[in-house]
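Chemist: I'd like to ask you about the structure that follows.
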Amino acid sequence: DIAFFDETKTGEILSRISSDCGVIKDGLSTNISMFIRTFIVIIATLLICLYISVKLTLITLGGIIPIVFCAVFYSIKVRVLAKAVQDKKAILGNISTESIGNIRTVKAFSNERREVVLFKKTNEEVYQLGRVMAIWAGGFSFFSAVSMNGAIALVMYEGSKQVEEGNITVGAISAFLLYML
């Protein structure tokens, strides 16, 4: 619709096109093959761990399942933040494009300070959104590490109890931990 082009500035459209092309390229090449490979490895590892010890596998899944649920929530939050960052970067690119492209008009009306203030304000908004994304990433990483390390500690504790009871060998626990990792 022509109204879209009236409302959306050229710099913003070009920035979005550039970003979208990179996202599509990554999605079609790297991400799909990584997903398939990782899925196969996870299924194979899960089957091997179940073969070694069902109880230890359930303990491990008790540490992994909360991470999966948090990852879904985290990915939604990051997607919203990433879109906001991209929108602000498009505005930033548009401010730069228009200021530089119309430098004679900007200088003629002595609007350099206004353009710099506008650029700084938008740049600060991009920074703040990036900061929020970094906080979310750090929180998710912390939760994942605590959850996985807690699962490993529980597996080692339960495994040592099972060794004492003669239900499993030390070698089986070692193999389980290696597959788990």
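Computed from the coordinates by the stated procedures, all read-outs in this text should not be read as laboratory data. A quick note: this is a predicted structure, and the numbers were derived from the prediction, not measured. Backbone-built Cβ (ideal geometry, glycine too); neighbour counts: all protein chains shown.
Chemist: Using θ = phi - 60° and the Karplus relation 6.51 cos²θ - 1.76 cosθ + 1.60, list the HN-Hα couplings for the range 149-159 in order, rounded to whole Hz, with x at every Gly or Pro.
Modeler: 5, x, 5, 4, 4, 5, 4, 5, 5, 5, x
Chemist: Quick one: which of 83-93, 131-141 comes out on top by average Cβ neighbours within 10 Å, and what's the full order, highest first?
Modeler: The packing order, highest mean first, is 83-93, 131-141.
Chemist: Follow-up question, since we're still on this one. From the phi of every residue in the range 111-125, what ³J(HN,Hα) in whole Hz does the Karplus formula 6.51 cos²θ - 1.76 cosθ + 1.60 yield, where θ is phi - 60° and glycine or proline is x?
Modeler: 9, 4, 4, 4, 5, 5, 4, 4, 5, 4, 4, 5, 4, 5, 5
Chemist: Taking 45 Å as R0, compute the FRET efficiency from the Cβ-Cβ separation of K83 and S160 and round it to 0.05.
Modeler: Efficiency computed from Cβ-Cβ geometry: 0.40.
Chemist: For D20 and A137, calculate 0.36 nm times their separation in residues minus their Cα-Cα distance, and state this gained length in nm to one decimal.
Modeler: Additional length available on full extension: 39.9 nm.
Chemist: Could you count how many Lys pairs in the chain have their Cα atoms under 23 Å apart, skipping same-chain pairs fewer than 8 positions apart?
Modeler: The number of close lysine pairs in the chain is 21.
Chemist: Quick one: among I59, I95, I32, which has the greatest mean-square fluctuation in a GNM of the chain with alpha-carbon springs under 10 angstrom?
Modeler: I32
Chemist: Something else about it: Using the alpha-carbon atoms, what tilt in degrees (0 to 90, nearest 10) does helix 10-26 show relative to the longest principal axis of the chain?
Modeler: 20
Chemist: If you don't mind, there's one more thing I want to ask. Figure the gain on full extension for F39 and T105 (residue separation times 0.36 nm, minus the Cα-Cα span) and round it to one decimal in nm.
Modeler: Extra length from F39 to T105 when fully extended: 18.1 nm.
Chemist: Determine, from the Cβ-Cβ distance of N31 and V54 and an R0 of 22 Å, the FRET efficiency 1/(1 + (r/R0)^6), rounded to the nearest 0.05.
Modeler: After rounding to 0.05, the efficiency reads 0.10.
Chemist: Please work out, to two decimal places, the log10 of the ratio I(q)/I(0) at q = 0.11, 0.12, 0.17 Å⁻¹ from a Debye calculation in which every Cα of the range 1-144 carries one identical scatterer.
Modeler: Reported log10 I(q)/I(0), two decimals: -0.66, -0.73, -1.10.
Chemist: When the Karplus curve 6.51 cos²θ - 1.76 cosθ + 1.60 is applied with θ = phi - 60°, which whole-Hz ³J(HN,Hα) does each residue of the range 90-97 get, with x for Gly and Pro?
Modeler: 5, 5, 4, x, 5, 4, 5, 4
Chemist: On to the next question. PRE reach from A71 (point 7 Å along Cα→Cβ): which of the range 115-150 fall under 13 Å by backbone N?
Modeler: 141, 144-145, 148
Chemist: Over all directions, how big on average is the projection of the convex hull of the alpha-carbon atoms in the range 95-181, in square nanometres?
Modeler: Mean projected area for the range 95-181: 8.2 nm², to one decimal.
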